[in-house]
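The values are calculated or read from the model by the stated rules, or taken from the named source; none is laboratory data. Everything numeric in this text was worked out from a predicted model, so none of it was measured. Methodologically, a virtual Cβ is constructed for each residue, glycine included, from the backbone with ideal geometry; neighbour enumeration extends over all protein chains shown.
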């Protein structure tokens with residue numbers, strides 16, 4: 001019953017995400033604008049949930065290490081963007097992150113937690129840079145607080161889903177979720 005309730009909750013939350021619109025920082029506040037930002041792009045949602053799934057699939061300390069590495073490095077990428085540091089290929093690397101992380105989950109490769117954290121950290125820098133480049137008139141640190149909280153929530157959703165899927169099917173459903181994530185990334189990459 002708990003599994004069904006968690007799945008229903010996750011689906012309900014995911015179904016409402018497209019209803020968000022870009023929030024106007026002066027009207028809604030910079031924290032709200034930052035919080036809504038990662039929820040507006042399917043590429044961000046897929047990548048952030050997949051990071052949680054991958055951490056849960058790895059188990060042990062990876063459950064917290066992988067998402068923490070993502071969030072910390074994402075903050076560094078954001079800081080680089082607001083400092084004016086150019087970074088090429090931001091959007092292609094973000095799409096590549098969805099595909100790569102999805103494939104890594106689908107293949108269930110035996111990778112040490114520290115290496116998984118480094119890999120997601122690489123991609124996180126680009127995600128953070130994108131947030132910094134798209135914040136508009138929002139206050140930088142308030143905007144950062146918002147998107148960090150939203151990212152942590154998406155990671156938590158991925159961890160929760162990964163733990164529930166692992167209990168119900170071992171790694172089979174988690175691997176299928178990874179494959180679906182990679183396919184979603186490919187769809188976005190070819191113009192979806």
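Evaluate segment 125-148: report whether one residue or more is in a loop (DSSP other than H, G, I, E, B), surrounded by fewer than 18 Cβ atoms within 10 Å (Cβ to Cβ) and modelled with pLDDT of 95 or more. Spell out the reasoning first.
Taking segment 125-148 as the starting set, the residues that turn out to be in a loop (DSSP other than H, G, I, E, B) are 134-139.
Narrowing the set further to residues that are surrounded by fewer than 18 Cβ atoms within 10 Å (Cβ to Cβ) leaves 134, 136-137, 139.
From the residues that got through so far, the ones that are modelled with pLDDT of 95 or more too are none.
No, segment 125-148 contains no residue that is in a loop (DSSP other than H, G, I, E, B), surrounded by fewer than 18 Cβ atoms within 10 Å (Cβ to Cβ) and modelled with pLDDT of 95 or more.
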Inset, instruction - Go through segment 149-187 residue by residue and tally those that are assigned to a helix (DSSP H, G or I) and over 19 Å from residue 70 (Cβ atoms). - result: 15
Legend entry - Qualifying residue in segment 167-176 (condition: buried (at least 20 other Cβ atoms within 10 Å of the Cβ), touching a residue at least 12 places away in the same chain (Cβ under 8 Å) and more than 14 Å from the chain's Cα centre (by Cα)): yes
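Do any helices (runs of 4 or more DSSP H) entirely within segment 12-114 hold 1 or more residues that are at pLDDT 95 or above and surrounded by 13 or more Cβ atoms within 10 Å (Cβ to Cβ), and if so, which?
Counting at least 1 such residues, we get 42-58, 62-82, 90-107.
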